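The structure under discussion appears below in the form of structure tokens.
The values are calculated or read from the model by the stated rules, or taken from the named source; none is laboratory data. Everything numeric in this text was worked out from a predicted model, so none of it was measured. Counting neighbours? That spans all protein chains shown, and the Cβs are built from the backbone with ideal geometry, glycine included. Side chains are part of the model used for accessible areas, which takes the heavy atoms of the whole protein and leaves out ligands, DNA and RNA. Shrake-Rupley method; radii C 1.70, N 1.55, O 1.52, S 1.80 Å.
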Amino acid sequence: MSLPPDIAAWFAQRGWVPHPHQLALMGAARDTLLIAPTGGGKTLAGFLPSLAELRLPHKGLHTLYISPLKALANDIARNLAAPVTALDLDIRVEDRTGDTNPGQRARQRVDPPHILLTTPESLALMLSYPEAPRIFGSLRRVVIDEIHALAESKRGDQLMLGLARLRSIAPTLTVTGLSATVENPAQLAQFMGGAELVLADPGPQPDIAMLATGTPPPWAGGGGQYAVEDVMAAIRSARLTLVFINTRAQAELFFQALWAVNTENLPIGLHHGSLSREVRQKAEAAMAAGHLRAMVCTGSLDLGIDWGDVDLVIQLGAPKNIKRLVQRIGRANHRYDTPSRARIVPANRFEVIECVAALEAVAARDLDGVPHPPAPLDVLCQHILLTACAAPFDATSLYHEICRAGPYRKLARADFDACLEFCATGGYALRAYDRWQRLILRDGLWQLRDPRTARLLRMNIGTIVTAEMIQVRRRRSLARLGEVEESFAASLSPGDTFLIGGQTVRYDRLRDMMLEVTPQPTRQPKIAVFSGMKMATSTELSARVLALIGDPSRWAALPAHTRDWLAMQDKIAALPTPGTLTCETFTRRGRSYFCLYGFGGRNAHQTLGLLLTRRMEEEGFGPLGFVATDYALLIWSIDPVLDPAPLLRLDNLTEGMEQWLASNALMKRIFRSIATIAGLLHRNLHGARKSGKQATFSSDILYDTLHRYDPDHLLLRTTRQAARHGLVDFDRIEAMLSASPKIVHSVVPHVTPFAAPLLLEAGKVPIQGLGAERLLEAEAARMMDEAGLT
Amino acid sequence: MTGYPLTFAGTDFVALPSGALFCPAASALILADLHLGKSERMARRGGALLPPFETRDTLDRLRREIRQTGARQLFLLGDIFDDDHAREALTQDDQDLWNRITSATACICLAGNHDPGARAEAVLGAITLRHIADRGPDISGHYHPKVRLNNVTRKAFLVGRDHLILPAFGTFTGGLDATDTSLTTLVGPGIAILTGPRPFAVPYCQPKGPKR
């Protein structure tokens, strides 16, 4: 296949030679999935067939481009202007996102452009209008950008449902998916509902290594502050450096530390999800214009516009996930055919091992995958309700249409019927309310009982339910500095200081759902803990770490200080090895410690900590608290655990799991997001945004009530299903305990080399058991005594 | 029975974990602010749609308290129903349960600001029972006091010289921080009894009380 002459001429004029994968897409006759590394001209490849076809007249919408980011849609509109002008095409290219003004939106509904650039949420909204068949009837092509990112969240599931709808409206549709490097392209193709794979040349091996540091990393912690001089030196040596850090708080602290040693005043920016949109856009613009030498950022820059000038990527802290590391490395792609340069910096001793294991995985081109969970039913509920907004539907034909969406290809009719029942009545426990009676069957077709509900449903579109955020602004000023999670705001007392946007501020008061602060440039901040997502180390990477620890013949790859540390652990207690579950008990300052090296990731260890301490409370061990990391779980108690086997029995833990679900705050958070997506809770109530507190209040009570009176309610089933991975990650506990039946337990007189760093770890969870209640009573008795009221 | 014994206006009482007050001498159980039908009222007024089970929960707990204390008299100090309409909107089951409870014991329902209309006051020895504190010594409800200790917030009884304020007994009821000046000026120095698995007291509004 070759390019049509005029497009070829345009390529030649720009001095470009088409990549083989760009030509392959031109020739593709059916749905395709292109896997190409960053910088491979992916997006242009996706548009080439549309540009070629649009040289002939076409009436109505021809191509729909969908990307996860609004900013990307805006950017593509600009980039398409060049070929459209060069090829002298008489077409309109417009974007439609949440930011598009109402006038433009209305016009697009009457007279759609030839190429429409949008997001999954905006597509869902357009499909909910009665005129959707008219708008999309002429559609020939759909291009889905960054589909690997969409496939990892419910946004992808929603998009695939929308795509199934589009295929019914425009049966001749051809879909092109564009993806970065992924571990299982076939699985992603199946997610698209089946597609031909086009694999681009992955490019040369990246130049990736550990950053040499002056001092060895500390025992615990995640900030990487010890390496700040070394990172500064690396920034100095490069043209433009991206410094990726895992959490927002760490990004803030490291940014401040960098500036403290930035003697030459090199322009260094900061970018993370807690900064306000204006601040972020300013940072992005400065970077695009070439004004920056470095940007400290979090996952907020994982996606988005390619900045060709980045020539060095530094990953600070554990990579946690090989695929994400590779995608981040790909950001340093001055040119497609030159190797990306990246350095990784472990933040503590355990992370040294993880970094080495990750380097080995990258060299072996061995990526990790998250098993795609079963298609979420909350998203399906939203889709059913929105389908009813567009027009009355027949249940069986809708079911068959949904089964054509990749993620839902195995949807059981019973599950579909349960969702339809929920949409129609709210389910058993909620049937009492008229307001939940939303769909009604008339003449064999399901329709909205009250057409006015459509407005409310449309306002609730989307599958992103973020933690409730509170804006931060300067006192007596309208300048917004950013936002923090509500739970963090709740933990503040007036006078507390924290870091935001690189400056220390003092919390003054909460007013109109805004956190008012005063800058305190000279004060040391109270540690900033507004956490971004806590991501667990992937199963593959954990397994690699465990294999490396357990095999002394491979330790040559590790620095000397880490080798010594491993050898010492081996001498004093036992080294964890694959196939065993290693744990140890020791005493320190009158308390008993039980440490379990599960290598199951932070979330699974956190859940295991909650379940185990519950069992220990029942058995009278008097557990007082625990701390979980990606590698281990440390529990302290009054009495020592001398025989861990009965505590670790999976059936006992599973039983405890069910009870624990009833009251767990994490489960309530999962439920809140599911109930919102399924349309039980509303984010927007007639334009007035419900405050986070209100939403949490009613969702917690709903959860408790359903749990007691209707435990098999669809949304509770969905919540339990969601708890098997993600934040609760019960699947990994199950895998850990069933894959490691051999328990190796050592009882040692004092703290072990492996456990020592855990004692310094932040994020300890106290146990509110009978012990804690006694402490509360003791405090009350002391106060009564002091007041002379005994 | 785990409770916190106290003496108020010369009469012995026990503050119960649930937020009910028991007077052994009179075999009387005293509660305030049941707010039955709150979810129904909120739904009716276009607020949050809470499932309608909290009424049953409150009634179940009330029945349990009566059984456990063996009380022969029941005083409900107002705001029993979230409003007059809520009383009629009770489900048949809840209505039956309510009737059984109120007919099995000598039950005196006082008026509250949410459900005016019933009698306003009752007397227990030298103490007046009413919804909102007035001339002491009296026992009342209305404020739903809560106390915070070591980052834990609990519904609480406030016991001053002239006034004893009960926590709300209802399931979905918010609360007013006991350090609010409307409560400190009303109750004055005394103790606060925190509800929980085992109720316990902390100093309340003491002039030289320790900082919280």
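Computed quantities for the displayed model
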| quantity | calculated |
| --- | --- |
| Fluctuation leader among B:R63, B:R87, B:R135 - chain B, Gaussian network, Cα springs under 10 angstrom | B:R135 |
| When each of A:K70/A:K668; B:K38/B:K155; A:K59/A:K410; A:K323/A:K668 is checked by Cα-Cα distance, pairs over 27 Å | A:K70/A:K668; A:K59/A:K410; A:K323/A:K668 |
| Summed buried accessible area for B+A [probe radius 1.4 Å, Å², rounded to 100] | 2500 Å² |
| Solvent-accessible area lost in complex, 40 Å² minimum, residues of the stretch B:124-152 relative to chain alone, 1.4 Å | B:L149, B:N150 |
| Shape of the stretch A:5-199, Cα gyration tensor, a/c cut at 1.5 | oblate |
| Whether the stretch B:67-186 is rounded, prolate or oblate, judged on the alpha carbon gyration tensor where a/c under 1.5 counts as rounded | prolate |
| Among the listed pairs A:K320/A:K742; A:K154/B:K146; A:K320/B:K146, those beyond 32 Å (Cα-Cα) | A:K154/B:K146; A:K320/B:K146 |
| Net dipole in debye of chain B [+1 Lys, Arg Cβ; -1 Asp, Glu Cβ; about Cα centre; nearest 20] | 740 debye |
| Dipole-positive endmost among A:L301, A:G223, A:A212 within the stretch A:207-363 (Cβ charges, Cα centre) | A:L301 |
| Percent antiparallel among DSSP beta bridges (both partners in the protein assembly as shown, rounded to 5) | 50 percent |
| Label-point separation in nm, A:V748 to B:H85, each point 7 Å along Cα→Cβ | 6.8 nm |
| In degrees, nearest ten, helix A:770-786 long axis to first principal axis of chain A (Cα) | 70 degrees |
| Average partner coverage of B:190-197, which counts Cβ from other chains inside 10 Å | 2 |
| Carbon and sulfur %, accessible surface of the stretch B:58-151 computed with the full protein complex present, 1.4 Å | 44 percent |
| Heavy-atom SASA rank of A:H62, A:H561 (probe 1.4 Å, accessible area, largest first) | A:H561, A:H62 |
| Computed [θ] at 222 nm, deg cm²/dmol, chain A (DSSP H ≥ 4; -39,500 (n - 2.57); rounded to nearest 500) | -12500 deg cm²/dmol |
| Per-pair calculated FRET efficiency, R0 = 22 Å: A:W16 and A:D88 via Cβ, rounded to 0.05 | 0.70 |
| Helix axis angle, B:92-104 relative to chain B longest principal axis, alpha carbon, degrees | 50 degrees |
| Mean separation of Cα contacts under 8 Å (6+ apart) over length of chain A, as relative contact order % | 11 percent |
| B:R135 versus A:R474: modelled label distance in nm, points set 7 Å from Cα along the beta carbon direction | 5.9 nm |
| Cα gyration tensor shape of the stretch A:1-40, rounded if a/c is under 1.5, else prolate or oblate by comparing a/b with b/c | oblate |
| Rounded tilt (10° steps) of A:277-288 against the dominant C-alpha axis of chain A | 70 degrees |
| Per DSSP, loop chymotrypsin sites (Phe, Trp or Tyr not before Pro) in the stretch A:1-110 with at most 16 further Cβ within 10 Å | A:W16 |
